[in-house]
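The values are calculated or read from the model by the stated rules, or taken from the named source; none is laboratory data. Quick caveat, the model's predicted, so the values are computed rather than measured. Positions of Cβ are generated from backbone atoms using ideal geometry, with glycine treated the same way; all protein chains shown enter the neighbour counts. These area figures cover heavy atoms from the full protein model, side chains too; ligands, DNA and RNA do not enter into them. Shrake-Rupley method; radii C 1.70, N 1.55, O 1.52, S 1.80 Å.
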Amino acid sequence: MKEIYKKIKNKERLNTADALLLANQADILTLGELAQTKSQSLNGKKAAFLLDRNINYTNICTARCSFCAFYRPANHKEGYVLSWKELDEKIDETLRLGGTRILMQGGFHPDHNTGFYAEMVRHIKSKHPIHVHAFSPAEIHYAAKKDNLSYHQVVTQLKEAGLGSIPGGGAEILVDRIRNRIAVGKCSADQWLGAAKAAHECGIPSTATMMLGHIETWEERFEHLEKIRTLQDQTHGFISFIPWTFQPENTPLHPKIKKNKDVKLAGAYEYLRFLAIARLFLDNFQHIQVSLLTQGIKVAQLGLHFGADDLGSALIEENVVRLAGCDQEVGTEKSKMAAIIREAGFEPFERDTFYNQIH
């Protein structure tokens, strides 16, 4: 442990064995102090937030993810695809409320392809002065496979249509043992990484995410971190890392279901421990976002003392995690987001997707 602490203080890169030892043996307050020192060396004593809207353009999906309470199969009575008019109304409301970005993700609809995605972006950009942060690497893989195109070809079409950046959704845990059980019908770990790499190489940056607290081990969490750190070394295309915890309500992966005896939900203590280690391990990521949505205000404030420098969004709309039993406490008030940050002892600022201060 002394040798690992020495590596951290000397700004030497940690390996996965170091991270595992920290997970098993490190004092949590020491981890928090080290992670906060690392974060403040990169970002000062500031913490960011933004106001955006998560628009799920469809809930129809051919994948069968056991952690998801949102998707519906084709022809289901609750399935939907938003019309252009409905999209316009949601974006107009977002702009009226002071939102600066829309995040769009949807299911793998059997009738959607690269052309549909590009047409949707073109429509939005022709009518609304807003940043479009849309289509996870998993969706890019789906479109590429369906249209028999390369990832680069898909991303190029979306960029030409006006896409500004892509979210890191669909990563879950980037280990195929996990994906083969909980994300049936979704891309493999290497395919997710390949799609993200192609986006970066085409000049479209992305975020990186992780959903933890289900059937994964600590070793597999660090395998995930190693993979995104390696890609970041190659492309420098990741904007931030966003870890969040699995929310089980209304999902087939609920731990109370007999077949899910190996599901171990992660509480606040474990989340903060992981957050701090992620900040220390991801030495080539400038920004780490705490999950206000899944952790709530008080734990999110603690997260700013455990390596995070971003509170995320005061969401105008969010559907996927809400249907799994989790509602955000903040609403759409920027002043409340700023107050949460100030109360935690940090200086708040409203940001855009790329952490430029806008207000």
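For the stretch 335-342, 3J(HN,Hα) computed residue by residue from phi via the Karplus equation (6.51, -1.76, 1.60; θ = phi - 60°) reads 4, 5, 4, 4, 5, 4, 5, 4 Hz, glycine and proline entered as x.
Given a Förster distance of 22 angstrom, what is the FRET efficiency for Thr217 paired with Lys259, based on the Cβ-Cβ distance and rounded to 0.05? It would help to have the intermediate numbers written out before the result.
Details: r = 19 Å, r/R0 = 0.85.
Approximately 0.70, to the nearest 0.05.
Between Lys77 and Thr16, residue separation times 0.36 nm minus the direct Cα-Cα distance comes to 17.3 nm. Inter-label distance, Asn250 to Leu97: 1.8 nm, where each label sits 7 Å from its Cα along the C-beta direction.
Counting only heavy atoms of the protein chains, get the accessible area per residue of the chain (1.4 Å probe) and round it to a whole Å² value.
Values: 14670 Å² over 359 residues.
Per residue, the chain has 41 Å² of solvent-accessible surface.
Residue-wise HN-Hα couplings along the stretch 265-270, as the Karplus relation 6.51 cos²θ - 1.76 cosθ + 1.60 with θ = phi - 60° gives them from phi, are 5, 9, x, 4, 4, 5 Hz; Gly and Pro carry x.
In straight-distance terms, cross-link reach from Lys85 covers every one of the aspartates and glutamates whose alpha-carbon lies under 20 Å from its own, apart from those fewer than eight places away in the same chain; here that gives Asp52, Glu93, Asp111, Glu119, Glu317, Glu318. Helix 292-303 and the longest principal axis of the Cα set of the chain meet at an angle near 30°. Bridgeable lysines around Lys2 (alpha carbons under 20 Å apart, same-chain partners fewer than 8 residues away excluded): Lys11, Lys38. At q = 0.14, 0.16, 0.29 Å⁻¹ the log10 of I(q)/I(0) for the stretch 187-235 amounts to -0.37, -0.48, -1.21, computed by Debye summation with a single uniform scatterer per C-alpha, solvent ignored.
Using 0.36 nm per residue of separation minus the Cα-Cα distance, give me the extension gain between Asp88 and His128 in nm, one decimal. Before the final figure, lay out each step's value.
Values: separation 40, 0.36 × 40 = 14.40 nm, distance 0.81 nm.
Roughly 13.6 nm would be gained on extension.
Using only Cα atoms, tell me the angle between helix 114-127 and the longest principal axis of the chain; keep it within 0 to 90° and round to the nearest 10. Once rounded, one gets 90 degrees.
Only protein heavy atoms count here; on that basis, with a 1.4 Å probe, Lys264 has an accessible area of about 140 Å². Start at zero, step by 20 Å, and the Cα-Cα distances of the chain spread as 31, 61, 8 percent across the bins.
Once the Cα-Cα distance is subtracted from the 0.36 nm per residue extended length, the Lys9 to Leu29 segment shows a gain of 5.6 nm. The alpha-carbon of Lys146 sits under 22 angstrom from the alpha-carbons of these lysines, leaving out residues fewer than 8 places away in its chain: Lys159, Lys186, Lys197.
Dipole size of the stretch 129-210 about its Cα centre, with +1 on Lys/Arg Cβ and -1 on Asp/Glu Cβ: approximately 220 debye, rounded to the nearest 20. Relative to the dominant Cα principal axis of the chain, helix 151-161 is inclined by about 70°.
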